[in-house]
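Derivation of every value follows stated rules applied to the coordinates shown; laboratory data play no part. All of these numbers come straight from a predicted model, not from anything done at the bench. Methodologically, a virtual Cβ is constructed for each residue, glycine included, from the backbone with ideal geometry; neighbour enumeration extends over all protein chains shown.
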Amino acid sequence: TNYHEDVKDYRSFEGVILPGKYQVYEGDTLEKFLEDCLNDFEKTVKEASSQLSKKNDLSISQQIVLASIIQAECLKGEYLNETSTVFQNRIIDGSKLQSCVTTEYALEYQRPFLTADDVKIESQYNTYYSGGLPPGPICSFSLDCLKAARNPKMDSDIYYFYYDYLDGEMHFYSDYTLFSKDAN
């Protein structure tokens, strides 16, 4: 049986099937596989919770969505807490997240740079168009990304960042004018 025929909204499992190896045995059903994945996910969330002395005010659902955005934004697995802080600062201020990776998720493909038309796509996943976090995760994420999403934000007013494909580094800013100049 085709997976997409069995599960009408396959994106509803986005983010809860974590990276890793799963044992699938002959005779296992799709339901059994998904149950095992969900159990593994719950165990990972509990592990992340037990390793934190403090957490932010986001709900666990919001933290999971944020963890997926952090995962997709941090191409090298670095600057997780800084990236989380940028988005938490924007959430606290009621600003749009304006995350390229969420817009790419809405488009259903990736680009090195978004166009003016891309950021206008009407989707709850397009955080240039919609305010707040998207309604669900955009990808699977690591335990470290979940920890960054659950941690209180850093004591910082960083609000902007970009990934420089030429030097392979992320750059963070508090000042929009400087960010815009450097990003261009």
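For the range 34-60, residues that are part of a helix (DSSP H, G or I) and farther than 11 Å from Val16 by Cβ total 9.
Can you name every one of the helices (runs of 4 or more DSSP H) wholly within the range 91-184 that holds 3 or more residues which are surrounded by 15 or more Cβ atoms within 10 Å (Cβ to Cβ), β-branched (Val, Ile, Thr) and touching a residue at least 12 places away in the same chain (Cβ under 8 Å)? In the range 91-184, the matching helices (runs of 4 or more DSSP H) lie at 100-107.
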